[in-house]
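Below is one structure, written out as structure tokens, with a few remarks after it.
The values are calculated or read from the model by the stated rules, or taken from the named source; none is laboratory data. Here the structure is a predicted model, which means the values were calculated and not measured. Only protein heavy atoms, including side chains, enter the accessible area calculation; ligands, DNA and RNA are left aside. Shrake-Rupley method; radii C 1.70, N 1.55, O 1.52, S 1.80 Å.
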Amino acid sequence: MALILVRAMNKNKALNGLADLERHANLTIEGKPKTISSEAVYDVTRRVLKQKPRDDITLNILVKVKEDTTKSIVNLRKIHPPVHVIVISEEYPEYEDLMNQYNNLKVFKGYYSSKTKSSNNNKNNKDNKENKKYGKK
């Protein structure tokens, strides 16, 4: 499981960026994305970027993905979402602290996983086909 920090200028870009993680980077978001303060992620952002983080970023969203850190990084390098994406590996000292904070963070409202819907629809379609096959309603 990898921990990903998504930094966006506004909610629309954040929503598009999260959708890009699933659709184009083929990552599976576990649970619901959570918002976190800029102060809480300042150190890890500065460490990864090797410079002072931008001031115009208004949203910081923490996401857990099913895939491991290496696979997440490789898949993210192939896409260009409208947000800053930082994969926080277990090697960073902030990783454990952020994982511990995750459950207490506020849920980022407005995001619904497209993978959950499509996997449920596929299951329902299979059930419907089975029911028709055996004459059930």
Solvent-accessible area per residue for the range 37-81 at a 1.4 Å probe radius, Å²?
-> 65 Å²
Please work out how many pairs of lysine residues in the range 1-113 are eight or more positions apart (or on different chains) and have Cα atoms closer than 19 angstrom.
-> 22
Of all accessible heavy-atom area on the range 6-85, the percent that carbon and sulfur account for (1.4 Å) | 47 percent
What is the P(r) of the range 1-126, as percent of Cα-Cα pairs per 10 Å bin from 0?
-> 13, 46, 34, 6, 2, 0
